[in-house]
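All remarks here apply to the structure that follows.
The values are calculated or read from the model by the stated rules, or taken from the named source; none is laboratory data. In this text the structure is predicted, and so the values were computed from the model without any measurement. Cβ sites come from the backbone with ideal geometry, for glycine too, and all protein chains shown count toward neighbours.
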Amino acid sequence: MEATGAAPVRTERLLLRAWTTSREDLGRLADIYGREEIARWVGGTPSVPPAELVERWARVSALDERHGCWAIERPDGAVAGTVLFKPLPNGVGEVEVGWHLHPDSWGHGYATEAARAVIERGFAAGVPEVYAVVRPGNEASMAVCARLGMEPIGRFRRWYDVELETFRLMAPVVVE
């Protein structure tokens, strides 16, 4: 059961931890990303097995202290889904926050709580702004963006080869 990745993050209710190659984690990943109600919002079912997703996310987490991909562990110990804080694919240092939760974990505020924690961590490490990209029609994720205080800035194809609703949150200005 290999566990490599970003350092764990605790919130009031959640433990954000590295995904592992344990049977339980791999099974939960397959269940989450194999569901049509998830795949339609994340661009389809991943073309790689769950163990390779864990490896890819560990590489993101190894970039530096700002980035990471975590399993969102609920208070009952079950994994709700994934929260990501990763570079956007244009190579200019822009950062994306994202979340993919199992339907049995929708409606409990887990996505907002987990995303807020990794955004605050990123801001503390010097990230100046964070983006979220959401497929048009994904009202639940757009609501999470609103709860996070993210500003809608329009639809763009800037990072991915599909038009996405884009949201931005600037780091708070620290007055000394």
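Here are a few things to note about the model shown:
- Filter result (in contact with a Leu (Cβ under 9 Å, 6 or more places away or on another chain) and either without any contact (Cβ under 8 Å) to a residue 24 or more places away in the chain or polar (S, T, N, Q) (or both)) within region 112-127: THR112
- Test for SER105: is it free of Cβ contacts under 8 Å to residues at least 40 places away in the same chain and either polar (S, T, N, Q) or in contact with a helix residue (DSSP H, G or I) (Cβ under 6 Å, 6 or more places away or on another chain) (or both): yes
- Condition met for VAL173 (at pLDDT 95 or above and of a type outside the set (D, E, K, R)): no
- Output for region 115-135, where each listed residue is out of contact with any Ser or Thr (no Cβ under 7 Å at 6 or more places or on another chain) and under 21 Å from GLY81 (Cβ atoms): ALA115, ARG116, VAL118, ILE119, GLU120, ARG121, GLY122, VAL130, ALA132, ARG135
- Restricting attention to region 4-30 and to residues that are within 17 Å of the chain's Cα centre (by Cα) and part of a helix (DSSP H, G or I), the residue that is surrounded by the most Cβ atoms within 10 Å (Cβ to Cβ) turns out to be LEU29.
- Cβ separations smaller than 7 Å between residues 6+ apart or across chains give the following pairs from region 155-173 residues that are β-branched (Val, Ile, Thr) to residues that are part of a strand (DSSP E or B): THR166/TYR131; THR166/VAL133; THR166/ILE153; THR166/GLY154; THR166/ARG155; THR166/PHE156.
- Residues that are surrounded by fewer than 19 Cβ atoms within 10 Å (Cβ to Cβ) and out of contact with any Lys or Arg (no Cβ under 9 Å at 6 or more places or on another chain), drawn from region 95-121: ASP104, TRP106, GLY107, GLU120
- Selection within region 148-164 - closer than 22 Å to PHE123 by Cβ and either more than 15 Å from the chain's Cα centre (by Cα) or polar (S, T, N, Q) (or both): GLY149, GLU151, PRO152, ILE153, ARG158, TRP159
For (1) part of a helix (DSSP H, G or I); (2) in contact with a Phe, Trp or Tyr (Cβ under 6 Å, 6 or more places away or on another chain); (3) farther than 29 Å from ARG23 by Cβ, each residue gets a yes or a no:
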{"residue": "GLU96", "(1), (2), (3)": "no, yes, yes"}
{"residue": "ASP104", "(1), (2), (3)": "yes, no, no"}
{"residue": "GLY107", "(1), (2), (3)": "no, no, no"}
{"residue": "ILE119", "(1), (2), (3)": "yes, no, yes"}
{"residue": "VAL127", "(1), (2), (3)": "no, no, yes"}
{"residue": "VAL144", "(1), (2), (3)": "yes, no, yes"}
{"residue": "ILE153", "(1), (2), (3)": "no, no, yes"}
{"residue": "LEU169", "(1), (2), (3)": "no, no, yes"}
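- Residues that are surrounded by fewer than 20 Cβ atoms within 10 Å (Cβ to Cβ) and either aromatic (Phe, Trp, Tyr) or in contact (Cβ under 8 Å) with a residue 40 or more places away in the chain (or both) within region 128-147 comprise PRO128, GLU129, ARG135, ASN138, listed in sequence order.
- In region 66-94, the residues that are buried (at least 24 other Cβ atoms within 10 Å of the Cβ), closer than 24 Å to TRP159 by Cα and of a type in the set (Val, Ile, Thr): THR82, VAL83
- Given (1) surrounded by fewer than 14 Cβ atoms within 10 Å (Cβ to Cβ); (2) at pLDDT 95 or above, index of the condition ARG168 fails: (1)
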